[in-house]
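**Q** Here it is, the structure in full.
No lab work stands behind these numbers, since they all come straight from the coordinates. Since the structure is predicted, the reported quantities are computational estimates derived from the model, not experimental observations. Neighbour counts are summed over all protein chains in view; Cβ atoms, including those assigned to glycine, are modelled from backbone coordinates with ideal geometry.
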């Protein structure tokens, strides 16, 4: 990623700060990305190919001002951090939200391990409504506040669990072992995630973005949610395809092309 591309990425996320590989910069960029770039799966529902090469990621997220899911969001963020000189490694994970620990989900998530100011940090701008708005230290059993929710990392045997606190309760976000996730593994997982009929991204419409004041905006199928820092959510049913288009535009900056038509609030089809 060259200087002109970095300039355009920084403009996309509204960042105008230093460009050194420091913890301060990592904090600022993690928050800026999750506030300005929505997590979303519209292209999956539209049957469009999800490409992970650097040019495709830059074009979609920066040039087209779209969002994406973990392999896209963290894939581009990885390139940005590398260009700034960070020591950064993509790690694989199994998303555990709303899943008991005796259930084994597919290893279809990627997040980032970053070395900054002598410490080991975890950054993740691509896990939907649980995306980090600040990196967290990779240190066990340490409760860590972020601009949105409190987080911690715990260990159970040979598995680490990234957890989020809603009110007084802790919820597993994902589990990981520390195994790296090179591009070939991301390509395979991305193919499953974006094309397999049992992938939840093929079955649900999802859009999520962090707000400045600790709130999060989320669309999940036919519901629009505004969630507070403590986990409390106000849920409003989406009454029509037209209302869905309005919400996608107003809260997520997602403007479907004139050739895209909405069936139900959770189903998109390409119109001609």
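**Q** Calculate the spin-label point distance for residue 139 paired with residue 53, positioning each point 7 Å from the Cα along the beta-carbon direction, and give it in nanometres.
**A** If labels sit at residue 53 and residue 139, their model points lie 4.3 nm apart.
**Q** Can I ask one more? Would you mind calculating the gained length between residue 24 and residue 242 on full extension (0.36 nm times residue separation, minus the Cα-Cα distance), in nm to one decimal? All intermediate terms of the calculation are to be shown ahead of the outcome.
**A** Numbers: separation 218, 0.36 × 218 = 78.48 nm, distance 4.12 nm.
Full-extension gain reported as 74.4 nm.
**Q** Find, to one decimal place in angstroms, the Kirkwood hydrodynamic radius of the range 38-160, where the mean of 1/r is taken over every pair of different Cα atoms and then inverted.
**A** Values: mean 1/r = 0.0638 Å⁻¹.
Averaging 1/r across every pair of different Cα atoms and inverting gives 15.7 Å.
**Q** Just rank 60, 225, fewest to most, by other beta-carbon atoms within 10 angstrom.
**A** 225, 60
**Q** Express the C-alpha Rg of the range 1-86 as a ratio against the empirical globular expectation 2.2 N^0.38 Å, rounded to two decimals. Please report the intermediate quantities before stating the final value.
**A** Working: Rg = 12.6 Å, N = 86, 2.2 N^0.38 = 12.0 Å.
So the range 1-86 has a normalised radius of gyration of 1.05.
**Q** In square nanometres, what is the average projected area of the Cα convex hull of the range 130-194? Spell out each step's value before the answer.
**A** Details: hull surface 22.2 nm².
The Cα convex hull of the range 130-194, projected and averaged over all directions, gives 5.6 nm².
**Q** Using a simple spin-label model with points 7 Å from Cα along the Cα→Cβ vector, what separation in nm is obtained for residue 235 and residue 36?
**A** Taking the two extended label points, one gets 3.3 nm.
**Q** Taking the number of other C-beta atoms within 10 Å as the exposure measure, put 133, 108 in order starting with the fewest. All intermediate terms of the calculation are to be shown ahead of the outcome.
**A** Working: 133 21, 108 24.
The fewest-first ordering by Cβ neighbours comes to 133, 108.
**Q** Can you give me the C-alpha center-to-center distance between the range 79-135 and the range 1-23, rounded to a whole angstrom?
**A** Computed from Cα coordinates, the inter-centre distance equals 20 Å.
**Q** Next question. Grab the Cα-Cα distance for residue 115 and residue 196, subtract it from 0.36 nm times how many residues apart they are, and report the gain in nm with one decimal.
**A** Values: separation 81, 0.36 × 81 = 29.16 nm, distance 3.48 nm.
Extra length available between residue 115 and residue 196 comes to 25.7 nm.
**Q** Another question, then. Report, for the chain, the % of DSSP beta bridges that are antiparallel, rounded to 5.
**A** Values: 52 of 54 bridges.
Close to 95 percent.
**Q** As a test of the formula, what do you get for the chain when each DSSP H run with n ≥ 4 contributes -39,500 (n - 2.57) and the sum is divided by the residue count, at 222 nm and rounded to the nearest 500 deg cm²/dmol? Could you put the intermediate results ahead of the total?
**A** Numbers: 8 runs with 77 residues, N = 272.
Helix contribution divided over all residues of the chain: -8000 deg cm²/dmol.
**Q** What order do you get for 169, 123 when you list them from fewest to most C-beta neighbours inside 10 Å? Spell out each step's value before the answer.
**A** Details: 169 9, 123 27.
Taking fewest neighbouring Cβ atoms as first place, the list is 169, 123.
**Q** Would you mind calculating the gained length between residue 156 and residue 215 on full extension (0.36 nm times residue separation, minus the Cα-Cα distance), in nm to one decimal?
**A** On the way: separation 59, 0.36 × 59 = 21.24 nm, distance 3.06 nm.
That pair, residue 156 and residue 215, stretches by 18.2 nm at full extension.
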